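Read the structure below first, then the notes.
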């Protein structure tokens, strides 16, 4: 099997998947709600500076998150408008596990693991099951939006000529 990268037209199914990847306006509504609530709290506390500084910090954080979300959504819109996707057929160059201790909540004390693989120099997340099943050097076919980097679908191309659909939605 040979490594290849092609550009092809998006299908209607691909467009639906890309539209489903958009965050929408939820972040903007949260930002507006927090802004109104902050003004009310500030006024009720008689213009207290001890309330104002944390409110400004949280507002700046929310604005940064809203900007990131809108930027990602605009890249998805650009992908849909251009109507193209990349199909990358390449071997897994390496696989990684990143572990961290859970320090809060019901899972406190457990170990949280994130699995990833590198294909054609780019890192992709993968499920634990795929990590344990697929070996380095085996070929995958990744359908990816070129601007947003959204993985539309992926398949493991087995040596016997069959393929197994990978579920990137669970990651």
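Let's see how each residue does on (1) assigned to a loop (DSSP other than H, G, I, E, B); (2) over 24 Å from the mean Cα position of the chain (by Cα); (3) surrounded by 12 or more Cβ atoms within 10 Å (Cβ to Cβ):
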position	(1), (2), (3)
41	no, yes, yes
55	no, yes, yes
60	no, no, no
74	no, no, yes
91	no, no, yes
99	no, no, no
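Of the residues 38, 74, the single one that is within 30 Å of residue 6 (Cα to Cα) and modelled with pLDDT of 70 or more is 74. Filter the range 1-23 down to residues that are touching a helix residue (DSSP H, G or I) at 6+ places or on another chain (Cβ under 8 Å) and part of a loop (DSSP other than H, G, I, E, B) and give me whichever is modelled with the lowest pLDDT. The extreme case among them is 23. Among the residues of the range 107-127, is any farther than 30 Å from residue 76 by Cα, assigned to a loop (DSSP other than H, G, I, E, B) and at pLDDT 90 or above? No, the range 107-127 contains no residue that is farther than 30 Å from residue 76 by Cα, assigned to a loop (DSSP other than H, G, I, E, B) and at pLDDT 90 or above. Of all residue pairs spaced 6 or more apart or on separate chains, those with beta-carbon atoms under 6 Å, a first member in the range 152-164 that is modelled with pLDDT of 90 or more and a second member that is surrounded by fewer than 16 Cβ atoms within 10 Å (Cβ to Cβ) are 155/163; 155/165; 156/164; 157/163.
The values are calculated or read from the model by the stated rules, or taken from the named source; none is laboratory data. Note that this is a predicted model, so its numbers are computed, not measured. Note that we place each Cβ from the backbone using ideal geometry, even for glycine, and neighbour counts take in every protein chain shown.
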